[in-house]
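One structure is given here, and the rest of the page talks about it.
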Amino acid sequence: MFPYDAHTHTTMSDGRNSLEENVRCAEAVGLEVLVVSDHFHPERLDLRQYVRAIVEADAASPVKVVPGIEVAVQDSEGRLL
């Protein structure tokens with residue numbers, strides 16, 4: 001097993017657990033790095049608050065908690081690229 005998870009979601013998008021719960025689980029299984037990569041919907045997620053929460057979680061944990069974001073890139077016609 002690699003000591004990191006580079007793609008996790010929280011209840012800030014479609015995840016099952018809160019950010020705090022994900023970090024505690026990462027600590028419990030011995031991960032070194034946890035990348036939080038929730039889906040970005042600007043109407044539901046304030047990006048500054050999101051990053052701030054992850055940075056605070058990183059400061060409070062021995063696990064390196066990294067902010068990420070998952071987006072769907074579309075062309076001018078709405079097609080996924």
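The values are calculated or read from the model by the stated rules, or taken from the named source; none is laboratory data. Please read all numbers here as calculations on a predicted model, not as lab measurements. Because the Cβ atoms are built from the backbone with ideal geometry, glycine has one as well, and the counts that use them run over all protein chains shown. With ligands, DNA and RNA removed, areas are computed over all heavy atoms of the protein, side chains included. Shrake-Rupley method; radii C 1.70, N 1.55, O 1.52, S 1.80 Å.
Here are the numbers for this structure:
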| quantity | calculated |
| --- | --- |
| Nearest-0.05 FRET efficiency for VAL29 and ILE69, computed from C-beta distance (R0 35 Å) | 0.90 |
| Unit charges on C-beta of K, R, D, E only; dipole of the chain, Debye | 80 debye |
| Accessible area per residue, Å², the chain with all protein chains present, probe 1.4 Å | 69 Å² |
| The chain: angle of helix 19-28 to the longest principal axis, Cα-based, in degrees nearest 10 | 40 degrees |
| Square roots of five times the Cα gyration tensor eigenvalues for the chain, Å | 25, 14, 10 |
| Fraction of beta bridges assigned by DSSP in the chain that are antiparallel (%, nearest 5) | 10 percent |
| Gap separating the Cα centres of the range 45-60 and the range 3-37, nearest whole Å | 13 Å |
| Estimated distance in nm for a label pair at ARG52 and GLU77, the labels positioned 7 Å out from Cα along Cα-to-Cβ | 4.1 nm |
| Per-residue [θ]222 nm for the chain (sum of -39500 (n - 2.57) over DSSP H runs n ≥ 4, rounded to 500) | -8500 deg cm²/dmol |
| Accessible-area composition of the range 1-50, carbon plus sulfur, in percent [1.4 Å probe] | 52 percent |
| Cβ-defined net charge surrounding HIS9, 9 Å radius [Lys, Arg +1; Asp, Glu -1] | -2 |
